[in-house]
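Here's the structure, in structure tokens; my notes come after.
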Amino acid sequence: MSRANSKKSSARLRGNVALVTGATRGIGLAVSRALARESCNLILTARDASALSRVSEELAKPRGTRATIRVLAQACDVRDPHSVDALFRAIRPEHSRLDILINNAGIAHANLPVDKLSFPAWKDVLATNLDGTFLVTQAALAIMRRGGTIVNNLSIAANRVFPGSAAYIASKHGALGFTRVLREELRPRRIRVIGLLPGATDTDIWKVLWPQAPHRKMISPEAVAQAVLDAILLPSNATIESLEVLPSGGTL
Ligand SMILES: NC(=O)c1ccc[n+]([C@@H]2O[C@H](COP(=O)([O-])OP(=O)(O)OC[C@H]3O[C@@H](n4cnc5c(N)ncnc54)[C@H](OP(=O)(O)O)[C@@H]3O)[C@@H](O)[C@H]2O)c1
């Protein structure tokens with residue numbers, strides 16, 4: 001499929017409602033754009049309220065379409081149960097159900113061996129990548145519709161290890177375990193749970209993780225978003241449980 005074709009809108013998700021965490025940049029923004037092009041209504045979150053309002057203005061009128069979609073932008077810190085609670089209090093008057101949840105918000109830490117990694121940095125990464133995924137999922141389950149889809153953005157770091165990334169690796173290994181349990185628990189509700197495992201993707205996260213990383217081989221956030229959209233659009237009785245999207249030129 002050509003790049004131009006992959007960006008065509010066909011409104012296949014018209015009437016659906018998706019919540020995307022970490023929607024202002026990188027993979028979350030690319031997934032939000034892909035859903036918007038399919039006329040999916042969006043609930044967008046991140047901590048930075050001004051970035052959120054810029055993105056929601058852009059996505060309310062998706063490029064290449066004449067359609068408008070409903071976009072609710074609500075700042076939320078996924079590490080904080082009260083903030084997650086406030087997010088869902090803002091959602092309920094607008095939407096009675098959720099069709100798609102994209103748990104994407106995540107952070108990395110500077111590449112440091114365990115003896116140099118500070119405890120606050122460890123806790124922040126675990127709180128964002130692991131606690132955040134739990135808190136948002138738990139709140140969403142109350143309104144998730146039967147037959148819906150949850151995508152947890154993990155990483156290839158969920159089942160591989162890289163020295164210098166202890167907290168990131170621990171958070172993603174933990175999130176993979178959580179994802180696998182959730183999948184089994186939600187089978188009776190026919191809710192598909194997809195573990196997304198991207199390889200190196202060209203986003204701002206590398207400014208923290210490895211500022212000198214060579215971006216030449218990285219995949220684009222749009223390529224990851226295309227794979228996510230294709231998985232969501234599978235017939236509801238089929239699923240991709242583990243979605244690895246990798247640079248075809250090999251690892252960095
Ligand atoms: N880039 C890669 O190579 C790669 C590979 C595999 C997996 N991933 C995963 O993909 C996900 C997205 O990463 P990215 O590369 O797209 O990074 P990014 O460009 O830095 O985007 C991260 C997003 O998460 C939000 N966020 C961070 N902390 C948050 C918090 N406490 N509460 C709510 N939102 C928060 C950020 O907005 P605010 O700062 O405004 O909150 C931003 O919208 C992460 O889970 C990451 O682990 C990335």
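A short reminder: the numbers here are calculations on the coordinates, not readings from a lab. What you are looking at is a predicted structure, and each value in this text was computed from that prediction instead of being measured. Using ideal geometry, Cβ is built from the backbone for each residue, glycine included, and neighbour counts are taken over all protein chains shown.
Quick notes on this structure:
- Under the combined filter of DSSP loop state and at most 11 neighbouring Cβ atoms within 10 Å, the stretch 142-236 retains these trypsin sites (Lys or Arg not before Pro): 216.
- Label zone at residue 159, where the point sits 7 Å out along the Cα-to-Cβ direction: the stretch 184-200 residues whose backbone N lies under 12 Å: 195-198
- Relative contact order of the stretch 153-244, defined on C-alpha pairs under 8 angstrom at six or more residues apart (%): 30 percent
- Dipole magnitude for the chain: computed about the Cα centre from +1 point charges on Lys and Arg Cβ and -1 point charges on Asp and Glu Cβ, it is near 800 debye.
- Radius of gyration, Dmax [the stretch 101-181; alpha carbons; angstrom]: 13.6, 46
- Longest segment of the chain lacking GluC sites (Glu not before Pro) that sit in a DSSP loop with at most 14 other Cβ atoms within 10 Å: 95-240
- Each 10 Å bin from 0 upward holds the following percent of the Cα-Cα pairs of the stretch 192-237: 23, 43, 23, 9, 1.
- Net +/- balance of residues flanking residue 174 in space, Cβ distance below 14 Å, scoring K and R +1, D and E -1: +2
- As a calculated quantity, the FRET efficiency between residue 138 and residue 10 at R0 = 25 Å, using C-beta atoms, amounts to about 0.15.
- Listed residue pairs exceeding 24 Å between alpha carbons, taken from 116/217; 172/217; 61/207; 61/217: 116/217; 61/207; 61/217
- Additional length obtainable on full extension of the chain from residue 187 to residue 95, 0.36 nm per residue less Cα span: 30.8 nm
- Highest to lowest packing among 123-132, 148-157, scored as the average C-beta count within 10 Å: 148-157, 123-132
- Within the shell of other residues whose beta carbon sits under 15 angstrom from the beta carbon of residue 122, the net charge comes to +1, with Lys and Arg scored +1 and Asp and Glu -1.
- From least to most packed, judged by other beta carbons within 10 angstrom and beginning with the fewest, 137, 68 follow the order 68, 137.
- Selected from 95, 15, 196, residue furthest toward positive end of dipole (the chain; charges at beta carbon): 15
- Dividing the convex hull volume of the alpha carbon atoms of the chain by its residue count gives 122 Å³ per residue.
- Around residue 197: net Lys/Arg minus Asp/Glu count, Cβ-Cβ under 13 Å: +1
- Alpha carbon centroid spacing (whole Å) that separates the stretch 193-252 from the stretch 77-105: 24 Å
- Averaged over residues, the count of other Cβ atoms within 10 Å places the peptides 193-201, 109-117 in the sequence 193-201, 109-117, highest first.
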